[in-house]
Amino acid sequence: MLEIECLACDKTLELPKYINTDNYDGQLVCSKCKALLHLKFVKDELLKYKLIERARPRTPVKFEIERVTRGEILS
Ligand SMILES: [Zn+2]
C-alpha cells in the first residue's frame, strides 16, 4: 500500500482504497488532522501534491469561546 506524508501535520497517511494510483486527480482529507489535500497520481507516480486547506478549529471550542465572550459583554 502506498503511503504519503500529510503536508499539514507531517504524519504518514495510508491512501484510501478508492484512490486509484494509476490515474487519480482529486482531493484527500487527512485522517489525522482533517486537512484537505489535493493530489494527482499517474501510473503510481505522485505528480502533484499540495495543501488546499488546514483543518478548522474544532467547533465545540469555538462555541465555548463565543459564549464566554458574550457573557462578559452582558455582565
Ligand atoms: Zn494531517
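I'd like the Karplus ³J(HN,Hα) series for segment 15-25: coefficients 6.51, -1.76, 1.60, θ = phi - 60°, whole numbers in Hz, and an x wherever there's a Gly or Pro.
Computed from phi, the couplings for segment 15-25 are 6, x, 5, 5, 7, 8, 6, 7, 6, 9, 9 Hz.
Please work out the C-alpha center-to-center distance from segment 10-24 to segment 27-56 and express it in whole Å.
Here the two parts' Cα centres lie 9 Å apart.
Compute the distance in nm between two label points, each set 7 Å from the Cα along the Cα-to-Cβ direction, one at residue 24 and one at residue 54.
Calculated label separation equals 2.5 nm.
Here, each number is a calculation from the coordinates, and none is a lab measurement. Since the structure is predicted, the reported quantities are computational estimates derived from the model, not experimental observations. With ideal geometry, Cβ positions are generated from the backbone for all residues, glycine too; neighbour counts draw on all protein chains shown.
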